Amino acid sequence: MSSKSKRLGSLADVFQAEKLEGTIRKIRLDKIRPSESQPRQERKKGVEELAQSLDKDGLLQPILVTKKPDEEFYTIIAGERRYHAASLLKWPEVECKILDKDAKETFRLAIIENLQRENLSPYEEIEAMTHLKTSFSYTDLELGNLFGKSRSYMTELLGISSLSKEDLKICKDAGIESKNLLVQAASAAKKGTLKDFLEKFNSGELKTVKDAKTFNRAEEGGLFSPGQIGTKIGSEKPTVSPYPYKIVKKGTSVIISTENEDFLSELHKLVKKEISKKFGK
């Protein structure tokens, strides 16, 4: 089974486990209102195509709505595109299932329904999860349990929200549609290298998540970032480097020499770290 099938199956299980009993009846369209906290931003995307389908086959699944006793209108939990399509067809009424859910549960069900139908973009999913976390005080672990995801996945996903709205828009306009690439973009932003990250993405130098991780690891290298280390002195193809150095092997010793004290200090730390990592202390 593919990972996509597993994900949809998990969400479907969560959705079914909600025990969505409710009264099913037809409600006039002028008595129904979209939710203000609908997770999908592009609410009317593909509505014309859906209207053609409704006109041909009818409404195959009722719209989920809720209504407080003191309210005049029903609020959509799931099925807003079906509502807009029915409005486009000028239907006077539409079949609905009426659920008794509070705002917290209403928003959560809307997210589940949209994720199950593959209707949320990464940006919409991030905004929706952030809303659940900040407005309803869910922890990363609780959110993971609600949506069949690990806590680490949710923490990583919510880490993208560290990007400002302006930076998120820039990433979206650049065509970054992968959650994993957005995670790496957020990591670059924390290091102050988002501009370089996006330039490389736009130029085609950075295409995959592996490329993005390599970029961020290089940026973490400080003095050892690409372009800062030159080849050893005497090389046939030396690169221009502010930190020239020389490596000499004598018997059982390796001697690295440089006139830059800062570079030498960083080199010492790096060698200790890498030797410890590879060969143990």
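The values are calculated or read from the model by the stated rules, or taken from the named source; none is laboratory data. All values reported here derive from a predicted model rather than from experimental measurement. Cβ coordinates were reconstructed from backbone atoms using ideal geometry, including for glycine residues, and neighbour counts include every protein chain displayed. Calculation scope for accessible area: heavy atoms of the full protein, side chains included, ligands and nucleic acids excluded. Shrake-Rupley method; radii C 1.70, N 1.55, O 1.52, S 1.80 Å.
Any idea which of Lys172, Lys190 is part of a helix (DSSP H, G or I), surrounded by fewer than 21 Cβ atoms within 10 Å (Cβ to Cβ) and more than 14 Å from the chain's Cα centre (by Cα)?
Lys190
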So Leu158, is it assigned to a helix (DSSP H, G or I), assigned by the TED database to the domain that holds Thr193, touching a residue at least 24 places away in the same chain (Cβ under 8 Å) and touching an Asp or Glu at 6+ places or on another chain (Cβ under 7 Å): yes
Looking at (1) open to solvent by 60 Å² or more (accessible area, probe 1.4 Å); (2) in contact with a helix residue (DSSP H, G or I) (Cβ under 7 Å, 6 or more places away or on another chain), can you tell me which one Asn145 breaks? (2)
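Return the residues of the stretch 128-162 that are acidic (Asp, Glu) and under 9 Å from the mean Cα position of the chain (by Cα); say none if nothing qualifies.
Glu156, the sole residue that qualifies.
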Can you pull out the residues in the stretch 26-56 that are open to solvent by 90 Å² or more (accessible area, probe 1.4 Å) and modelled with pLDDT of 85 or more? Lys26, Arg28, Arg33, Glu48, Glu49, Gln52, Asp55, Lys56
Tell me the residue from Ala110, Ala86 that is touching a Leu at 6+ places or on another chain (Cβ under 9 Å), open to solvent by less than 40 Å² (accessible area, probe 1.4 Å), modelled with pLDDT of 85 or more and not in a strand (DSSP E or B), please. Ala86
Taking Gly22 and the conditions (1) over 27 Å from Gly144 (Cβ atoms); (2) modelled with pLDDT of 75 or more, which numbered condition does it fall short on, given that it satisfies the others? (2)
